[in-house]
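Quick notes on the structure that follows.
What follows draws every value from the coordinates through simple rules; no lab data is involved. Bear in mind the structure is a predicted one, so any value in this text is a computation, not a measurement. No Cβ is skipped: glycine too gets one built from the backbone with ideal geometry, and neighbour counts run over all protein chains shown.
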Amino acid sequence: MSHDARTDDAYVEVQRSPEFGELRRRFRSFVFPMTALFLAWYFLYVLLAAYAPGFMSHKLAGNINVGLVLGLGQFVSTFAITILYVRWADREFDPRAEALHTRLEEASR
Amino acid sequence: MTTLAVPALTVPGFAVPAQTNVGNSALNITIFAVFVAATLAIVVRASRRNATAADYYAGGRAFSGRQNGIAIAGDYLSAASFLGIAGAIALTGYDGFLYSIGFLVAWLVALLLVAELLRNTGRFTMADVLSFRLRQGPVRTAAAISTLVVSFFYLLAQMAGAGGLVSLLLGLDGKTAQSVVIALVGVIMIAYVLIGGMKGTTWVQIVKATLLIIGSIVMTVWVLGKFGFNLSHVLGAAVDNSPKAGEKILDPGLKYGKSNLTKVDFISLSLALVLGTAGLPHVLMRFYTVPSSKEARKSVEWAIWLIGLFYLLSLVMGYGAAALVGADAISSAPGKANSAAPLLAFALGGEILLGLISAIAFATILAVVAGLTITASASFAHDIYAQVVKKGDVTSAEEVSVARKTALVIGVIAILGGIFAKDQNIAFLVALAFAVAASANLPTILYSLFWKRFNTRGALWSLYGGLVSVVTLIVFSPVVSGKPADPKTGLSASMITDPSVDFHWFPLDNPGIVSIPLSFFLGWLGTVTSKEKPDERRFAEMEVRSLTGHGAEKAVVH
């Protein structure tokens, strides 16, 4: 736990830099809307299950009903968001974060 | 294979205690013993280097993302998930499936908002992150108390469940035998933790999760194979074999759709499930066992794939159990819903498959209990003893020694608590743990990661506010007293079974819908009413570290 003034100042300096502002903006503008999206979709599904059982029980093919398909849709959306996020993080986020990381390493040397 | 091999359970009025088990007790005991011996051997092998705090708490931070992801799945797919969800689907159909979806979607909160940032800022515990830029003493203490409460309730549920499960499978009935089993689980768990630390426990989780998923794939393919690989036919057979529920087993509402109150209760539960996971301390601690935030991301990615796969398998296993074993046979078995998966194994593969699946369930309980004990002992030794009492002035070896002693104490408390709680309704203990995690922990984690102005008073109000409101609302809910008496037995389904005792005023079983918004509100209110100025430098350090990974704890190189 070393808190010499040099590194602390370097943190403040990086935090105020336009590159870090850009990194934070990109991060938040990906994860916040995505979180809102999957929570909204999940609660829509939960509310349908609670208050629209007739719709959910509607049979589509054989014994497969709307509820089962929407439930499996939650699995699909969870897997899809995971893939999207990991791909986004690898391509968009990591290179920028690593560049700032390197800059801090050099500053604290 | 057309005649189901569970005649004992279909005979009405079959209630001879010594014979309520299915399968062959001697065979089951042998398979259990082999499992315990094999996992102990793994623990001993993994424990060669276990000197520093980073070794003991975080396995030297040397696990890969994939290994840790499998271990996370192992931690998460506790007996409640494995036995509970299959059983809930078998008996309550679609509503059991709904339950599993909340458990899965919750992982996106961990993936997007928590895992990587937490890995980059903390060292061993949740409190490391919460107290990073706030006043150490009070915030750490509050975070540690919340960690201990969540871990303790979770632990109690697992221990009590172990007694019931093993008595079902080994034919050990009677109070003494169950208590002996609980004590044995406790002793083996303490051995895992003391010998293996986080490294040993993680390896046990990896082995167990792999076996659990393989076993579930085998059972699922087997079930589907019996119905021409047509899910619709499995569902049809489940309807045919559920005389009470019939068609309704495929529709939502069997369990939660009874009245407006149960619907609100279900929404409240959904809220706690989806927000609780990313606040469970034993899950959070797992993010420190990998060398970087990139590996933490990969851990959650793997965990999501495995947990999602497992719940899809559970859907087939649950309806498969309804189709092949039958709802009546399951609800009249000694473990009720919990016995659906073991009975399905017996119906499919006879004694051997039953023994294997049960041994996996047993290993699940052992491994989850060990992980919880490490989390609780780390929180006490690292947060309360080393940072608050000794103000950081301890060596790593001293801290580990305190953690080991704490693990021993927690083990003994868990054994006694498990024996005491074994006849209680244990499902609510897990719900309680999730409610505290979602109400006290998650709001505080999110505020401290994302809100610059957040301060000490805000953190204390959201942590204690969440904790106290959940516990209070549960105590005065129908879970503890006041559920209507069962006409057959005259006993109430509440924790206090005497129907004349009724002091409940909160109508819901699940407090989340009140306590989660309340805790977010209190965190905001505490912050804006406090004169404390945010520590700009520490916030700069926290924010830069959390996103860039600079200064994050590195893997231990031996």
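For the protein assembly as shown, with the dipole built from +1 on Lys and Arg beta-carbon atoms and -1 on Asp and Glu ones, taken about the Cα centre, which of B:74, A:14, B:63 lies farthest toward the positive end?
Value computed over the given set: A:14.
Place +1 on the Cβ of every Lys and Arg and -1 on the Cβ of every Asp and Glu in chain B, take the dipole about the Cα centre, and give the residue among B:378, B:441, B:231 whose Cα lies farthest towards its positive end.
Projecting each Cα onto the dipole axis, the largest value belongs to B:378.
Charges on Cβ only, +1 for Lys and Arg, -1 for Asp and Glu, centred on the Cα centroid of the protein assembly as shown; of B:138, B:485, B:37, which one is farthest towards the dipole's positive end?
B:138
Remind me, relative contact order of chain A in percent, using alpha carbon pairs under 8 angstrom and six or more residues apart?
Relative contact order comes out at 38 percent.
Highest first, please rank the peptides A:56-64, B:264-272 by the mean number of other Cβ atoms sitting within 10 Å of their residues.
Highest-to-lowest ranking by the protection proxy: B:264-272, A:56-64.
Which angle from 0 to 90°, rounded to the nearest 10, does the C-alpha axis of helix B:512-529 make with the longest principal axis of chain B?
Once rounded, one gets 0 degrees.
How many partner chain Cβ atoms sit within 10 Å of a residue's Cβ in peptide B:109-117, on average, as a whole number?
That average works out to 4.
Can you grab the distance from the C-alpha centre of the range B:388-458 to the C-alpha centre of the range B:184-232, Å, no decimals?
25
Cross-link list A:59/B:336; A:59/B:263; B:175/B:488; B:199/B:226; B:175/B:199; B:208/B:248: which exceed 32 angstrom alpha carbon to alpha carbon?
B:199/B:226; B:175/B:199; B:208/B:248
Just to confirm my numbers, what's the Cα centroid distance between the range B:99-133 and the range B:299-351 in Å?
Measuring centre to centre over Cα atoms gives 29 Å.
Kindly provide the trypsin sites (Lys or Arg not before Pro) of the range B:375-424 that DSSP labels as loop, not H, G, I, E or B, and whose Cβ sees at most 14 other Cβ atoms within 10 Å.
Here the trypsin sites (Lys or Arg not before Pro) that fit, given the DSSP loop and packing criteria, are B:390, B:391.
Among B:204, A:86, B:109, what is the fewest-to-most ranking by other Cβ atoms within 10 Å?
Least crowded to most crowded, the residues run A:86, B:109, B:204.
At what distance in angstrom do the alpha carbon centres of the range B:244-259 and the range B:481-515 lie from each other?
Measuring centre to centre over Cα atoms gives 22 Å.
Taking every alpha carbon pair in chain B, what does the distance histogram look like in 20 angstrom bins from 0, in percent?
22, 56, 21, 1
With a 10 Å radius around each residue's Cβ, average the other Cβ atoms per peptide and rank B:344-351, B:514-521, highest first.
B:344-351, B:514-521
Express the relative contact order of the range B:54-548 as a whole percentage, based on alpha carbon pairs under 8 Å and six or more residues apart in sequence.
Contact order relative to length: 29 percent.
Two decimals, Cα atoms only, Kirkwood Rh: what is Rg/Rh over the range A:5-107?
1.26
Students often check this: by mean Cβ neighbours within 10 Å, which of B:234-240, B:524-530 ranks highest, and how do the rest follow?
Per-residue Cβ counts within 10 Å, averaged per peptide and sorted highest first, yield B:234-240, B:524-530.
Under the rule of -39500 (n - 2.57) per DSSP H run of 4 or more residues, summed and divided by the residues of the protein assembly as shown, what mean residue ellipticity at 222 nm is obtained, to the nearest 500 deg cm²/dmol?
About -22500 deg cm²/dmol.
Using the alpha carbons of the protein assembly as shown, what is the convex hull volume per residue in cubic angstrom, as a whole number?
Value for the protein assembly as shown: 146 Å³ per residue.
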